[in-house]
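The values are calculated or read from the model by the stated rules, or taken from the named source; none is laboratory data. Keep in mind that what you see is a predicted model, and the values were worked out from it rather than measured. No Cβ is skipped: glycine too gets one built from the backbone with ideal geometry, and neighbour counts run over all protein chains shown.
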Amino acid sequence: MNALAALRSAWRALTTNLLRSILTMLGIIIGVGAVITMIAVGGGAQKRVEEQIKGLGSNIMLVLPGAVSQGGVRLGAQTGQTLTEEDAKAIALEVPEVQAAAPSLRTGAQVVAGNANWNTQVFGTWSDYFEVRDWPLAEGRVFESGEIAGSGKVAIVGQTVAEQLFGGADPIDQTIRVKKVPLTIVGVLARKGQNSVGQDQDDIVIVPLSTFRNRIQGMSGGRLKRIGSVTVKVREGLSMKSAEDGIRELLRQRHRLQAGQDDDFSIRNLTEMLAAQEESSRVMTLLLAAVAGVSLVVGGIGIMNIMLVSVTERTREIGLRMAVGARSRDILGQFLIEAVTLSLIGGAIGVVLGAIATWVVGTFAGWQVALSPAAIVLAVGFSAAVGVFFGYYPARRAAALLPIQALRYE
């Protein structure tokens, strides 16, 4: 019997008991659909983390002030004022692994432009900040050295601020007021999107650090020029751990901390934190796919059960086929084709249902999903493998029947 004849025979056998065939395929349909949906949900989570890492920038660390103690009571992280602009300069110049470092201060403020206003984050920093964050400008320019040194009345705005204050108009050379200080917009940042905690990174106004300190905050800063944080970019390919150790050693030396004293600052490796989150998402995706794959195994057991029943019901038919010249391998092939056909049809229906379920989850639940062609191929391939694996024993049992015994079967 050739393959085409075996396929036709298998199709007739399956359509003869259509309802039973459909119920048999149900486990495969649910399994394939569940695998595709779970992988899509997990893939969406991974993609979201990758976007966050890309939005953050590569090889980023954040140096923050430490805690303050008053009367033996520790007031919590970042309550001290232990970092200075000179610390940021020293980190950039004296730690070999560091490509750039940018100090910063920030506050919330109402920004006014004409009749429009918007509450946003105002950020004071150096031009190196854009290199550290891998954040190019969509238009305009960065701060000039004279503006940084002389408290220039200039600003660079994010996309959200530009849209809220100016709509579709070009914001370059427009004037905004921050705490009654007029600032001329010299640049607009490229869109970054949300960060890892869902905050809009484009909702920001960036000014020179000296402008922030002297004009917006109205503080002299004293001789030390205290800052709120230092954002550090490590050179590509170099060790983040070595850079962190170098920064820690340098700051302890600069802050004159003795051996045994706690650090009066903290260092956060943001890239590693997000990479760990990405790995967790990957593990969760595999776990979800494995759980969904259990239903494929259950569906395979259903196929084996039905095929065993089919062999019993068709024993006399098998005997007749053998009596007229069918070989054992022909019988084996016929029943294997039936099992694989059940699996493949169930897999195809499962793919459609999985795609629909993925769309429903993405549209109505609001989750980010990523439907991967590789996941579809994997699910269908696995369903075919299930058909072969669980169909082989019934097929082998049918092929092992003796013609005389089969013909005498009642």
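Looking only at residues that are of a type in the set (A, V, I, L, M), touching a residue at least 12 places away in the same chain (Cβ under 8 Å) and not in a helix (DSSP H, G or I) in the stretch 349-371, which one is surrounded by the most Cβ atoms within 10 Å (Cβ to Cβ)?
The extreme case among them is VAL369.
Restricting the search to the stretch 70-106, which residues are surrounded by fewer than 16 Cβ atoms within 10 Å (Cβ to Cβ), closer than 15 Å to SER266 by Cβ and either at pLDDT 90 or above or of a type outside the set (Lys, Arg) (or both)?
LEU75, GLY76, ALA77, THR79, GLN81
Residues checked against (1) in a helix (DSSP H, G or I); (2) within 39 Å of the chain's Cα centre (by Cα); (3) hydrophobic (A, V, I, L, M, F, W, C); (4) more than 30 Å from ALA45 (Cα to Cα):
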residue	(1), (2), (3), (4)
ALA339	yes, yes, yes, yes
LEU342	yes, yes, yes, yes
GLY347	yes, yes, no, no
ALA374	yes, yes, yes, no
LEU378	yes, yes, yes, no
GLY391	yes, yes, no, yes
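Report, by residue number, each residue of the stretch 227-264 that is over 12 Å from ILE91 (Cα atoms), of a type in the set (D, E, K, R) and either not assigned by TED's automatic domain parsing to the domain that holds GLU94 or not in a helix (DSSP H, G or I) (or both).
Those that are over 12 Å from ILE91 (Cα atoms), of a type in the set (D, E, K, R) and either not assigned by TED's automatic domain parsing to the domain that holds GLU94 or not in a helix (DSSP H, G or I) (or both): ARG235, GLU236, ARG256, ASP262, ASP263, ASP264.
Can you find, within the stretch 154-180, the residue that is surrounded by the fewest Cβ atoms within 10 Å (Cβ to Cβ) among those that are in a loop (DSSP other than H, G, I, E, B) and touching a helix residue (DSSP H, G or I) at 6+ places or on another chain (Cβ under 7 Å)?
That would be LYS179.
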